[in-house]
């Protein structure tokens, strides 16, 4: 092998080694960034889930049949029909 | 020449060489020993310390599943709350301002200081200072920024319907594990398994890399067959009656006819599952499935079913009940008055003890018992609810006429209100016994236990009981109702208590095509009106009427003759 060929090969190998080293650093950084983003998204998801449960519970509390009946009776003055209120259609 | 150069100027003494060698060997040996010590002997220790600085285990929280009713309305929901814990030695040294901390946690300063000091003395590494804090409390504690004080997320379970669903759902302990009711029965399904992940943290405490993860599996949701609106209505009506009559307690069970889906299951007295402090153990009992009652006359229809099944009787067979009493061995059973000749429907309508005893004793000894056993009495019904009682039937092969006679009208037998409802479901659904369903995706299990003709004939007789028998109080305008009252003496120490009764009613409607089966029990109503007809039947009517309205079941009875005939009122509820 001639000297110039050997030198070229060496240069290529050195540049390859350097570029993979840099690539390794970059990918580690990208990985770290991506992981941080994943964590943020997970936190968001958990917060949303928690919020959804709280809202579900709140809706449940507000719509319990007991409460609905109380409001219907006391604020809207509604009442359940007694037999005398019932009108019949006979076909 | 070369020999001269090689000749040393002065000879080196051997001992100096030996000393130098020894010193170097000793040094090398010391390094080797230290290396082994670090790398082999104490490896774990240093590994641990290294990891402790960089590695962290984080828990991934898992929710407990939501329990909802058949339409998806939430009945039990777990919500994350903040709990505060301390590392006692650190906190004790931090010379914390106990008064401020105590105020934000809602504990007195002295108690708090004592607790931390005691925990520090006994070498504890962990002590809870406050659990399930409100967001305001949590941020107040956070603002103190104390060393040795940490926060953690825990779940607290809330029950929007409170005492209305208390017995059925049960409740969880502070660690969100099921303790009672369905929370206990389906704990394995509802409970989430928290996951874990091992992460690498930087010097600043930031998570850099996830090394390994054991995924969390959140608890499964549970959809019940319950209808929250029917449940709430039934609870309200039961509570009103128990209060008005001064009764000791009561239960009501509403089943969907046929499939035996539990639409409502309520008890009195009740408790609020959201407030553990006010809970009293005796109120926590789910009476409808755990308490045994003597069903009294509500069992008579099954004796009549046995008579029809034997082939010796037809619905219009006449039985002579004169003179209004019958002597069996040393016992005398009486009717309210002398009803003379009654057909089978008449026996039920008048609730004639004499008639039923006469019929039962004329059958083969095991026939009544066989029917009672087939419709589900004397063994657990498989509802899956904790503490379910199986009840008692006299042993097979009982020939003693007194035992057979008392069994025929519901004494010497014990059943739960749920069993009673299930047995009436057999009559309502052409002789099929169903396993009760509380959870919606459980399979429907049914078994033919009575001939359809027999079940239908008895159902028809039960209609006359409500139309013009002892149970006219159970009438629901617009609907044909079938049912039977019962009034049982309560047995206590020294036999039956004369003045203590239990009012029972079981029935179903609309009789033309049954939609729901209802059993109600009122325990020891006080005052003049204590009978099944006076207390339990009207309660049944109110719950039945409300259920028809909520479920939007079309009326099946001929309209009342005096009623105006203008508009159809039957509203369609959500299905």
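A straight line joining the Cα centroids of segment B:250-327 and segment B:142-188 runs 34 Å.
Of the residues B:424, B:501, A:35, the one with the fewest other Cβ atoms within 10 Å heads the list, and the complete ranking is A:35, B:501, B:424. Take residue A:72 and residue B:109, extend 7 Å from each Cα along the Cα→Cβ direction, and tell me the distance between the two endpoints in nm. A separation of 5.4 nm, rounded to one decimal place. For chain B, the longest principal axis of the alpha carbon atoms and the long axis of helix B:228-245 meet at an angle near 60°. Other protein chain C-beta atoms within 10 Å of residue C-beta, averaged over B:229-241: 2. In degrees, nearest 10, range 0 to 90: what is the angle between the Cα axis of helix B:135-144 and the longest Cα principal axis of chain B? In chain B, helix B:135-144 runs at an angle near 20 degrees to the longest axis. Distance between the 7 Å Cα→Cβ label points at residue A:15 and residue B:152: 5.8 nm. The mean count of C-beta atoms from other chains within 10 Å of the C-beta of residues in A:53-64, rounded to a whole number, is 6. Ordered by the number of other Cβ atoms lying within 10 Å of each residue's own Cβ, fewest first, A:19, B:83 fall into the sequence A:19, B:83.
Please give, to one decimal in nm, the separation of the simple spin-label points placed at residue B:27 and residue B:136, each 7 Å out from Cα toward the Cβ. For the pair residue B:27/residue B:136, the computed spacing is 7.2 nm. Within a 10 angstrom radius of the beta carbon, how do B:209, A:45 rank from fewest other beta carbons to most? By the 10 Å Cβ count, ascending: A:45, B:209. Between residue B:336 and residue B:16, residue separation times 0.36 nm minus the direct Cα-Cα distance comes to 102.4 nm.
Specify the angular offset, from 0 to 90 degrees and rounded to the nearest 10, of the alpha carbon long axis of helix A:65-74 from the longest principal axis of the alpha carbons in chain A. Once rounded, one gets 50 degrees. Could you tell me whether the protein assembly as shown comes out rounded, prolate or oblate from its Cα gyration tensor? Rule is a ≥ b ≥ c as square roots of the eigenvalues, rounded for a/c under 1.5, then prolate if a/b exceeds b/c, otherwise oblate. Prolate. Estimate the FRET efficiency between residue B:399 and residue B:441 by the formula 1/(1 + (r/R0)^6), using the beta-carbon distance for r and 56 Å for R0, to the nearest 0.05. In this case the efficiency is close to 0.75.
In the protein assembly as shown, the DSSP-assigned H stretches of four residues or longer account for a calculated mean residue ellipticity at 222 nm of -12500 deg cm²/dmol, using -39500 (n - 2.57) per stretch and the full residue count as denominator.
Coordinate-derived values only; no laboratory data. A quick note: this is a predicted structure, and the numbers were derived from the prediction, not measured. Cβ atoms come from the backbone with ideal geometry, glycine included; neighbour counts cover every protein chain shown.
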